[in-house]
1. Mind checking which residues of segment 108-137 are surrounded by fewer than 16 Cβ atoms within 10 Å (Cβ to Cβ) and either in contact with a helix residue (DSSP H, G or I) (Cβ under 6 Å, 6 or more places away or on another chain) or of a type outside the set (S, T, N, Q) (or both)?
2. I need the full set of residues from segment 45-54 which are crowded, with 23+ Cβ neighbours inside 10 Å and either at pLDDT 95 or above or over 16 Å from Leu170 (Cα atoms) (or both), in order please.
3. Can you tell which of Gly152, Gly140 is farther than 21 Å from Ala84 by Cβ, in contact with a Leu (Cβ under 9 Å, 6 or more places away or on another chain) and not acidic (Asp, Glu)?
4. Is one or more of the residues making up segment 169-187 assigned to a helix (DSSP H, G or I), modelled with pLDDT under 85, under 20 Å from Phe16 (Cβ atoms) and hydrophobic (A, V, I, L, M, F, W, C)?
5. Do the conditions hold for Ser157, that is, is it modelled with pLDDT under 95, within 23 Å of Thr39 (Cα to Cα) and over 14 Å from the mean Cα position of the chain (by Cα)?
6. Could you check how many residues of segment 1-24 are of a type in the set (S, T, N, Q) and at pLDDT 90 or above?
7. Looking at segment 65-84, which of its residues are charged (D, E, K, R), part of a helix (DSSP H, G or I) and farther than 24 Å from Ala42 by Cα?
8. Of all residues in segment 1-24 being of a type in the set (S, T, N, Q) and not in a helix (DSSP H, G or I), which is surrounded by the fewest Cβ atoms within 10 Å (Cβ to Cβ)?
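The values are calculated or read from the model by the stated rules, or taken from the named source; none is laboratory data. Being a predicted model, the structure only gives us computed values, none of them experimental. Here Cβ is always computed from backbone atoms with ideal geometry, including for glycine, and neighbour counts include all displayed protein chains.
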Amino acid sequence: MSTNRRKYIESHWLVFAVKGAISLVAGLLLALTNKTDTTYLAKMVGFAMAGLGIIEIFNTINRKRLEHNWGMSLAIGIVEFIVAICMLFTINTGQHESWNILVRIPLLSFYMLAAAILSIAMGFTCFKDDTDKFMWIVEGIVGAILAFVALGGSGLSDNTHIKMFGTYLLVRGLVELIFGVHSREEMEVVAESRKVSQGKKAKKGRR
């Protein structure tokens, strides 16, 4: 079976819109909540990442059905599920602090850094539209800055690290939601132009 090489950003617009909405809501909740319990905040992140992973798995299935390359989508979904599991569960429930220090906080930091690098790379290589390019590069820069601060901030509390990840989710959510809506508008323009083109061809055939 042949596979059509279609860029990840050419996934269905709903993928970006829904993932953007999930990230945006999670980021806002983390920013506005008065809760200080690290386990509670970690579970908020975990549920958000699980939601992102589920959407990405659906995207993988859809891309496979359309015979588009789907490896990148699957990899993103798996990583998001791994982060979700680490946020939602601990190996030893009596050792929350060591689990946070050894697993959760470094994982969030490295995830932000990897996602930031991917966002910047896609921004420079995958977009013709200057607005889309700018948004994805800015998202990547913000994510990279937060990741480096988190990785170097040994004196920061666990709650601060998680709140910083919430800030990243907020920025990412805005970018992906706007991009999803923009992609839908572009698809509508393309569909309309195809209708016009087909109508012109039909008129020529009648002559």
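1. Within segment 108-137, the first condition is being surrounded by fewer than 16 Cβ atoms within 10 Å (Cβ to Cβ), and the residues that meet it are 110, 114, 117, 121, 124-126, 128-131, 134.
The answer is Phe110, Ala114, Ile117, Ala121, Phe124, Cys126, Lys128, Asp129, Asp130, Phe134.
2. In the first step, residues of segment 45-54 are kept if they are crowded, with 23+ Cβ neighbours inside 10 Å; the result is 45, 48-49, 52.
Hits for segment 45-54 are Ala48, Met49, Leu52.
3. Numbers: Gly152 fails: in contact with a Leu (Cβ under 9 Å, 6 or more places away or on another chain).
It is Gly140.
4. yes
5. Details: modelled with pLDDT under 95: yes; within 23 Å of Thr39 (Cα to Cα): yes; over 14 Å from the mean Cα position of the chain (by Cα): yes.
So Ser157 passes the test.
6. Pass one, segment 1-24, residues of a type in the set (S, T, N, Q): 2-4, 11, 23.
Narrowing the set further to residues that are at pLDDT 90 or above leaves 23.
Residues that pass the stated criteria total 1.
7. Once the filter is applied, which keeps residues that are charged (D, E, K, R), part of a helix (DSSP H, G or I) and farther than 24 Å from Ala42 by Cα, segment 65-84 yields only Arg65.
8. Start the filter on segment 1-24 by keeping residues that are of a type in the set (S, T, N, Q), which leaves 2-4, 11, 23.
Checking the rest, the ones that are also not in a helix (DSSP H, G or I) come to 2-4, 11.
On the way: Ser2: 4, Thr3: 13, Asn4: 10, Ser11: 23.
Here the answer is Ser2.
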